[in-house]
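The values are calculated or read from the model by the stated rules, or taken from the named source; none is laboratory data. Note that the structure is predicted; figures quoted are calculated from it, not measured. Please note: Cβ atoms are built from the backbone with ideal geometry, for glycine as well, and neighbour counts cover all protein chains shown.
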Amino acid sequence: MIVDEPILERVLRERRFDGQTAEIARRMFLQNEAPQKLALEYALLDKRIYAIRAEVVKQVKKFALPEGWSEVTLRGPADAVKAAHAVFKRRMREHEQASRE
C-alpha cells in the first residue's frame with residue numbers, strides 16, 4: 001500500500017499520534033527506513049514499530065477512495081476555482097446518473 005505525505009499527515013492528525021510515534025511513522029513511510037533500524041534508534045521493540053505501521057495502514061484504508069477515483073486540491077483565482085467546481089459538479093451528476101442506469 002502506498003502511503004504518501006498528505007494521507008499520512010491526515011492519519012497522524014486525526015489519530016493524534018504522539019510526537020515520537022508520528023516521527024517514526026514519517027521515517028518509515030516517507031523515507032522508507034527499515035523498522036529494525038527505527039526500533040534500534042528509538043530503543044523500542046520491533047513489535048512496537050510494526051504496530052505503528054499496522055495502525056497507519058489500517059487508518060489509511062479508511063480514507064481510501066473507490067477504484068478509479070482521485071482527489072485534488074485547487075488553488076488559484078477564485079473565479080477559476082469556482083468555474084472548475086461547477087464543471088466538477090456537473091460531471092458528478094452525469095456520473096451518478098450513469099451509475100444508476
Legend entry - Yes/no for Ile7 being among the β-branched types (Val, Ile, Thr) and over 19 Å from Glu71 (Cβ atoms): no
Legend entry - Cross-chain or 6+ apart pairs with Cβ under 9 Å, the range 55-75 first and loosely packed, with under 10 Cβ neighbours inside 10 Å, then among the acidic types (Asp, Glu) and at pLDDT below 90: Leu65/Glu71
Legend entry - Inter-residue pairs, beta-carbon under 9 Å, first modelled with pLDDT under 90 and in the range 1-24, second polar (S, T, N, Q) and surrounded by fewer than 14 Cβ atoms within 10 Å (Cβ to Cβ), 6+ apart: Pro6/Thr73
